[in-house]
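These notes are about the structure you will find just below.
The values are calculated or read from the model by the stated rules, or taken from the named source; none is laboratory data. Keep in mind it's a predicted model, so treat the numbers as computed, not measured. We place every Cβ from the backbone using ideal geometry, glycine too, and count neighbours over all the protein chains shown.
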2 protein chains.
Amino acid sequence: MKEKILSLIEQGKYLEARNEICSLNVVDAANLFEEIDQKHILLVFRILPKDFSSEIFSHMSFDLQKHVIDSMTDEEAINIFDDLFLDDAVDLLEEMPANVVKRILKNTDEDMRVLINQFLNYPADSAGSLMTIEYVDLKKEMTVKQALQYIKEIGIDKRTINTCYVMDNSRILEGVISLRKLILSDESVIVKDIMETDVMSINTHDDQEDVAALFRKYNYYVMPVVDKEYRLVGIITVDDVLDVIDQEATEDLQKMAATMPSETEYLKTSNWRLALNRIPWLLILMISATFTGGIILRYESALQSVIILAAFIPMLMDTGGNAGSQSSTLIIRGLALGEIKTSDTLRVMGKEFCVSSIAGIVLALVNFLRIYFIENAGLLIAITVSVTLYITVVVAKIVGGTLPIAAKKLKLDPAIMAGPLITTIVDTVALIIYFNLATWLLGIRS
Amino acid sequence: MKEKILSLIEQGKYLEARNEICSLNVVDAANLFEEIDQKHILLVFRILPKDFSSEIFSHMSFDLQKHVIDSMTDEEAINIFDDLFLDDAVDLLEEMPANVVKRILKNTDEDMRVLINQFLNYPADSAGSLMTIEYVDLKKEMTVKQALQYIKEIGIDKRTINTCYVMDNSRILEGVISLRKLILSDESVIVKDIMETDVMSINTHDDQEDVAALFRKYNYYVMPVVDKEYRLVGIITVDDVLDVIDQEATEDLQKMAATMPSETEYLKTSNWRLALNRIPWLLILMISATFTGGIILRYESALQSVIILAAFIPMLMDTGGNAGSQSSTLIIRGLALGEIKTSDTLRVMGKEFCVSSIAGIVLALVNFLRIYFIENAGLLIAITVSVTLYITVVVAKIVGGTLPIAAKKLKLDPAIMAGPLITTIVDTVALIIYFNLATWLLGIRS
């Protein structure tokens with residue numbers, strides 16, 4: 001299908017291509033445009049039915065939107081822009097170069113400009129930047145029949161009509177009523193009598209992560225956004241929340257992997273930018289790993305007299321690192337989803353102690369058998385390594401389990417505290433125990 | 001508020017408590033029940049308005065649902081059960097012990113039992129297990145007026161009335177129409193003329209991850225589920241997809257942290273279960289880390305003559321591990337969100353080569369300066385460590401970037417290939433390079 005349309009376009013059969021495109025879902029049509037040769041894009045775009053082309057435009061990537069706007073006349077550009085929902089329009093403006101923004105803004109009317117500027121001022125990850133203003137507002141004195149009639153008149157330009165909002169004259173949110181309730185109620189009933197008045201709302205400055213948590217908890221499809229005076233300023237729909245949830249999970253993952261978070265897709269990020277996102281943490285962790293080197297040097301003579309001790313260092317460090325990141329990952333995720341609270345510190349410590357004891361004993365035992373019977377490395381070496389391994393696993397899991405909670409208590413980001421930092425702590429502890437045990441058990445003079 | 005209600009209940013003021021509970025959101029009310037003392041739960045539950053108590057029940061945890069069902073009479077239990085949407089009812093049955101299931105099923109009618117059994121047979125992570133059957137079905141010959149009248153009659157028991165489905169006599173899905181479209185259309189229009197016929201649908205056996213991808217891509221709130229013969233069998237709503245997205249992200253995280261994935265919340269998982277989920281990978285990785293030990297032993301004499309070499313091993317291993325997991329994490333996430341495809345292997349390799357070269361040079365340089373000027377460890381040692389560091393970072397990032405894609409090509413799970421496994425590969429490569437460079441540059445006989 002896609003190939004067929006692209007080849008029709010290549011052959012200049014635009015009208016045939018147009019008909020095929022019109023039968024596509026709007027998202028698929030927008031994706032198709034990403035693959036059309038630049039020189040044909042505007043030609044094809046212009047012959048599409050206007051409603052459909054505006055919708056396709058709103059689903060294009062920013063790069064393609066920029067190309068389309070750039071090659072259009074001012075009049076065409078402003079037409080497209082006027083058809084966008086306000087949140088899409090603002091997102092577009094944020095991505096466009098200054099000259100394009102100027103071109104568009106000079107052609108919009110004063111009210112719109114004020115609104116746009118207000119939206120551009122909301123912090124990047126706030127509810128304000130997620131919301132849109134195209135909601136249905138009803139009056140509480142309306143009958144159901146009047147309300148439905150009103151929705152019929154104005155509904156076409158609204159993001160959703162499935163949930164409607166009731167405000168007083170100063171735009172204070174008074175109630176919410178679903179289209180479902182309106183449809184299922186008698187025509188003569190007054191909106192006031194059937195609307196819900198105990199409305200869960202979001203503040204414009206709430207963080208998008210908290211917004212996602214509300215949607216997750218209450219299974220809403222739409223939520224109202226109010227300002228400090230409880231005036232209704234917009235709505236957030238669940239499709240935007242899906243993106244937030246993906247984005248927040250990606251961000252946590254990136255931080256756990258010691259990368260600066262970035263919202264740009266991997267393949268669309270420049271190599272310099274990728275390198276810049278990764279170098280700082282690599283540097284910090286590289287330098288902190290030299291502590292571990294320092295410990296090894298302190299026990300230089302012990303190491304020199306029993307060089308086989310060096311052979312077990314990688315295994316101890318890796319196992320400690322893995323054990324710690326198992327715990328920290330579960331805890332960080334639990335904190336992010338609200339399943340674990342900072343008040344659960346003691347419970348988490350208790351659980352991690354039990355779990356790490358079980359895991360530690362199994363690992364130490366397997367390790368002992370391997371060293372003693374397969375590697376024939378001597379009883380005392382086997383004991384030293386196995387006891388160190390057990391303690392390392394316990395310490396790693398307790399540190400891995402509690403450090404993220406501690407970070408959250410200190411209003412730091414739990415994900416930052418993850419894997420790598422914990423690894424450094426655990427490595428240090430493991431080596432100190434290892435060498436002390438070794439010098440003591442093996443009777444090495446240090 | 002919560003404390004107030006709980007204390008009213010403790011004092012036996014049930015009616016006052018009832019009124020307070022009725023003013024709560026249903027999710028909050030269900031959460032409140034989790035904290036009520038067991039001996040009061042049924043008393044309070046019984047005096048709530050029936051509609052509200054059924055809704056609260058559907059939001060309770062399985063443990064609490066079990067407690068409530070257990071303490072009820074058969075008649076009460078079946079009433080509650082009948083009020084549940086089919087998907088919630090099936091989820092409940094899956095969690096209940098056999099005797100409770102028997103008790104409920106013996107009281108439901110034959111049709112319902114057949115349906116429930118069919119649902120219980122869908123694979124755990126399939127679309128079938130996510131869907132519910134309470135959708136609105138219209139006939140294509142209906143006028144808009146008739147359709148709206150029909151919705152008014154049957155809508156109350158439906159999961160959503162915002163999207164309605166049109167089927168032929170053999171239940172083959174013919175079209176979809178939104179309530180919005182119905183409301184905004186003229187009353188005399190025939191449904192057939194305004195419904196969308198190019199319907200995107202899900203198959204009962206599709207994986208829930210693919211379902212989430214469709215919702216993500218097309219911004220739907222509801223999607224129809226069909227069987228192999230394209231007969232409509234149910235719908236999936238976006239609120240269930242939110243849970244799937246959270247769950248899939250958690251699963252990927254757990255696998256990347258070398259833990260067996262589990263759907264149970266951390267605090268609700270037993271310590272034995274947690275230990276069992278963690279031990280297998282820890283064991284595998286512990287044993288594979290002994291390869292690294294083997295390499296160190298092979299260069300025992302080199303190490304013994306220049307013992308300072310041992311001090312840099314942890315830093316090299318940690319940095320390699322961090323560099324690799326930075327890359328693998330970004331790639332695994334990109335694959336999960338569909339931003340990176342298996343056909344992008346060469347592009348990813350190219351990018352990772354560039355990024356790792358930049359990062360490697362910066363790290364190697366800082367490292368060289370530190371070793372040479374601060375630690376005064378000698379020029380040749382500084383060169384050996386820095387060159388090894390550079391190569392390690394490049395190898396780590398290329399392995400970390402390509403291994404997940406290779407796994408996906410081989411139909412394995414990219415997340416399993418993550419951090420820990422890559423660390424072992426990178427450690428081995430790093431140590432071989434390190435000791436070879438050292439023996440060559442420092443002229444050590446091995």
Item checked: Complete set of residues in segment B:322-338 that are facing chain A (nearest Cβ under 7 Å) and small (Gly, Ala, Ser) -> B:ALA323, B:SER325, B:GLY334
Note to self: Exactly one of these conditions fails for A:ARG180: (1) touching a Phe, Trp or Tyr at 6+ places or on another chain (Cβ under 6 Å); (2) assigned to a helix (DSSP H, G or I). Give me its number.
What the structure shows: (1)
Next item on the list: May I ask you to list the residues in segment A:103-136 that are under 30 Å from the mean Cα position of the chain (by Cα) and among the polar types (S, T, N, Q)?
Entry: A:ASN117, A:GLN118, A:ASN121, A:SER126, A:SER129, A:THR132
Notebook entry, point to check: Where residues in segment B:208-255 are within 24 Å of A:THR237 (Cβ to Cβ) and basic (Lys, Arg), which of them is surrounded by the fewest Cβ atoms within 10 Å (Cβ to Cβ)?
Noted result: B:LYS217
Margin query: Can you tell me which condition B:PRO49 does not meet? The list is (1) over 21 Å from B:VAL101 (Cα atoms); (2) more than 33 Å from the chain's Cα centre (by Cα); (3) buried (at least 17 other Cβ atoms within 10 Å of the Cβ), and all the others hold.
Written below: (3)
Margin query: If A:LEU42 satisfies all but one of (1) more than 32 Å from the chain's Cα centre (by Cα); (2) modelled with pLDDT under 85, what's the number of the condition it fails?
Written below: (2)
Notebook entry, point to check: Is it the case that segment B:125-135 has a residue that's out of contact with any Asp or Glu (no Cβ under 8 Å at 6 or more places or on another chain) and exposed (fewer than 14 other Cβ atoms within 10 Å of the Cβ)?
Noted result: no
Note to self: Tell me which helices (runs of 4 or more DSSP H) are completely within segment B:184-294 and hold 1 or more residues being out of contact with any Lys or Arg (no Cβ under 9 Å at 6 or more places or on another chain) and under 25 Å from A:LEU335 (Cβ atoms), or say none if there are none.
What the structure shows: B:208-218, B:238-256
Margin query: Looking at segment B:2-34 only, could you name the residues that are of a type in the set (D, E, K, R) and away from chain A (no Cβ under 14 Å)?
Written below: B:LYS2, B:GLU3, B:LYS4, B:GLU10, B:LYS13, B:GLU16, B:ARG18
Note to self: I need every pair where a residue in segment A:394-411 that is surrounded by 24 or more Cβ atoms within 10 Å (Cβ to Cβ) has its Cβ under 9 Å from the Cβ of a residue that is of a type in the set (Gly, Ala, Ser) and outside any helix (DSSP H, G or I), sequence separation at least 6 or different chains.
What the structure shows: A:GLY400/A:ALA418; A:PRO404/A:ALA418
Next item on the list: Provide a single number: the residues in segment A:146-177 that are under 30 Å from the mean Cα position of the chain (by Cα), within 10 Å of chain B (Cβ to nearest Cβ) and either more than 19 Å from A:ILE194 (Cα to Cα) or surrounded by fewer than 19 Cβ atoms within 10 Å (Cβ to Cβ) (or both).
Entry: 2
Checklist line | Subset of segment B:279-293 (residues that are under 25 Å from A:ALA257 (Cα atoms), of a type outside the set (A, V, I, L, M, F, W, C) and within 7 Å of chain A (Cβ to nearest Cβ)) | finding: B:THR290, B:THR292
Check: Name the residues in segment A:358-376 that are crowded, with 20+ Cβ neighbours inside 10 Å and either more than 11 Å from every other protein chain (Cβ to nearest Cβ) or more than 30 Å from A:ILE332 (Cβ to Cβ) (or both), would you?
Finding: A:ILE371
Notebook entry, point to check: Could you say which residue among A:ALA289, A:ALA257 is over 17 Å from A:ASP427 (Cβ atoms) and among the aliphatic types (A, V, I, L, M)?
Noted result: A:ALA257
Next item on the list: Given the conditions (1) more than 25 Å from B:THR264 (Cβ to Cβ); (2) in contact with a strand residue (DSSP E or B) (Cβ under 9 Å, 6 or more places away or on another chain), report the number of the one that B:SER126 does not fulfil.
Entry: (1)
Check: Exactly one of (1) surrounded by 13 or more Cβ atoms within 10 Å (Cβ to Cβ); (2) closer than 21 Å to A:ILE116 by Cβ; (3) of a type outside the set (Lys, Arg); (4) within 33 Å of the chain's Cα centre (by Cα) is unmet by A:MET72. Its number?
Finding: (4)
Margin query: Among the residues that make up segment A:412-423, is at least one of them modelled with pLDDT under 95, polar (S, T, N, Q) and either closer than 25 Å to B:PHE291 by Cα or not assigned by TED's automatic domain parsing to the domain that holds A:GLY338 (or both)?
Written below: yes
Check: Any residue in segment A:28-38 that is outside any helix (DSSP H, G or I) and closer than 24 Å to A:GLY128 by Cβ?
Finding: no
Margin query: Of the conditions (1) crowded, with 18+ Cβ neighbours inside 10 Å; (2) more than 7 Å from chain A (Cβ to nearest Cβ), B:LYS341 satisfies every one except a single condition; which number is it?
Written below: (1)
Note to self: Any residue that is touching a residue at least 60 places away in the same chain (Cβ under 8 Å) and more than 7 Å from chain B (Cβ to nearest Cβ) - is there at least one of those in segment A:255-278?
What the structure shows: yes
Notebook entry, point to check: What residue, among those in segment A:294-321 that are over 22 Å from B:PHE291 (Cα atoms) and more than 8 Å from every other protein chain (Cβ to nearest Cβ), is surrounded by the fewest Cβ atoms within 10 Å (Cβ to Cβ)?
Noted result: A:SER301
Notebook entry, point to check: Which residues, taken from segment A:169-182, are out of contact with any Pro (no Cβ under 8 Å at 6 or more places or on another chain) and touching a residue at least 12 places away in the same chain (Cβ under 8 Å)?
Noted result: A:SER170, A:ARG171, A:ILE172, A:GLU174, A:GLY175, A:ILE177, A:SER178, A:LEU179, A:ARG180, A:LYS181, A:LEU182
Note to self: Among the residues in segment B:188-206, are any within 27 Å of A:LYS145 (Cβ to Cβ), without any contact (Cβ under 8 Å) to a residue 40 or more places away in the chain and more than 9 Å from chain A (Cβ to nearest Cβ)?
What the structure shows: yes
